[in-house]
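Reading through the structure tokens given below for one structure.
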Amino acid sequence: MAKEAAHQLGTPLSSLYGWIQLLKDSSRGDDVSYQYIYEAENDVSRIEAVAERFNKIGSSAELKLMRPEPIIRRVVEYMERRIPQFGQEILLETDLKITRPAALNAQLFEWALENLIKNAIDALPAGAGSKGDTSEGATSVGATSAGATSVGITSAGATSTRATSARATDTPQKRITIEATEQNDRLIIDIIDNGSGIPKSAVSQVFKPGYSTKKRGWGLGLSLTRRIIETYHNGKISIYKTAPGQGTTFRIQIPLPAQKVSHQPE
Ligand SMILES: Nc1ncnc2c1ncn2[C@@H]1O[C@H](COP(=O)(O)OP(=O)(O)OP(=O)(O)O)[C@@H](O)[C@H]1O
Ligand SMILES: [Mg+2]
């Protein structure tokens with residue numbers, strides 16, 4: 001079914017590419033419309049990437065040995081470009097202390113991370129979300145005044161922590177951190193937010209397909225993410241910690257291939 005949908009998208013997508021090419025040719029010299037066309041082209045590539053993911057999920061996904069760090073950075077960069085649309089001030093940090101390759105399917109792995117980051121955004125206080133979170137019993141961590149100037153999102157390196165807002169504010173900085181470490185034979189990725197947290201009663205529900213507390217949520221993100229991590233990557237995903245009003249950490253664990261040990265001749 002998923003494969004079929006992906007396939008069905010193929011024809012209109014190539015046709016869209018064709019139209020975009022024609023538009024590009026006819027708009028030379030006009031900076032503004034060229035910019036719009038460029039954006040449209042980006043979005044068409046994006047749809048293509050999504051179709052490709054559906055294509056993958058329908059089959060047994062091929063895993064390749066690769067470094068996870070560039071994949072994580074790519075997802076973060078994509079989210080950064082997207083989040084200013086939400087018009088909020090969110091600090092997105094990465095702290096990636098990883099060097100070893102892991103057996104991954106890049107497209108599916110990106111999808112899983114994207115779902116977790118989107119959920120983290122949705123969990124941030126008032127209006128930060130892409131869909132609006134109506135979590136019952138979720139305590140908001142200090143709402144920011146409506147109409148606050150959008151500063152967008154800043155990605156800080158492992159060592160620096162920059163505030164995005166120039167305004168003096170007593171509300172906590174909305175923050176999402178992605179930490180990655182290697183522990184023995186496992187790659188550990190934590191997606192940490194300081195959002196609403198998950199009420200105790202909901203902790204056992206969130207991975208179930210169809211469970212959503214959002215106005216326009218499908219409740220599919222986490223069940224898909226679990227499938228990607230556990231079925232396709234032989235890993236584990238869990239809620240590592242959560243506290244209502246303080247935030248949530250989702251933890252991904254992926255097995256790492258054994259390191260080659262070079263024996264010194266005696
Ligand atoms: N980081 C988080 N903080 C607080 N609650 C969360 C977080 N991540 C998930 N949840 C809760 O788990 C529910 C299920 O998440 P899931 O991603 O499966 O569905 P959704 O985000 O509601 O919809 P979609 O299918 O569009 O992803 C959410 O509706 C929310 O209540
Ligand atoms: Mg979701």
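Checking each residue in region 180-211 for being open to solvent by less than 40 Å² (accessible area, probe 1.4 Å), among the β-branched types (Val, Ile, Thr) and more than 7 Å from ligand 1 (Cβ to nearest atom) picks out Ile188, Ile189, Ile191. Condition (residue is assigned to a helix (DSSP H, G or I) and under 25 Å from the mean Cα position of the chain (by Cα)) applied to region 16-35: is it met by at least one residue? Checking region 16-35: not a single residue is assigned to a helix (DSSP H, G or I) and under 25 Å from the mean Cα position of the chain (by Cα). Restricting attention to region 18-41, the residues being polar (S, T, N, Q) and surrounded by fewer than 11 Cβ atoms within 10 Å (Cβ to Cβ) number 1.
Residue-level check: of (1) touching a residue at least 60 places away in the same chain (Cβ under 8 Å); (2) under 27 Å from Leu104 (Cα atoms), Gly217 misses just (2). Quick test of your reading of the structure: Thr242 fulfils all but one of (1) crowded, with 18+ Cβ neighbours inside 10 Å; (2) within 17 Å of the chain's Cα centre (by Cα). Name the failing condition by number. Answer for Thr242: the failing condition is (2). Checked against (1) over 28 Å from Lys174 (Cβ atoms); (2) open to solvent by 50 Å² or more (accessible area, probe 1.4 Å); (3) at pLDDT below 85, Leu63 passes all but a single condition, namely (3).
Applying the selection to region 212-229, what residues are more than 10 Å from ligand 2 (Cβ to nearest atom) and open to solvent by 50 Å² or more (accessible area, probe 1.4 Å)? Within region 212-229, Lys215, Arg216, Arg226, Arg227 qualify.
The values are calculated or read from the model by the stated rules, or taken from the named source; none is laboratory data. Not measured: the values here are computed from a predicted model. Counting neighbours? That spans all protein chains shown, and the Cβs are built from the backbone with ideal geometry, glycine included. Note: areas computed on protein heavy atoms with side chains; ligands, DNA, RNA excluded. Shrake-Rupley method; radii C 1.70, N 1.55, O 1.52, S 1.80 Å.
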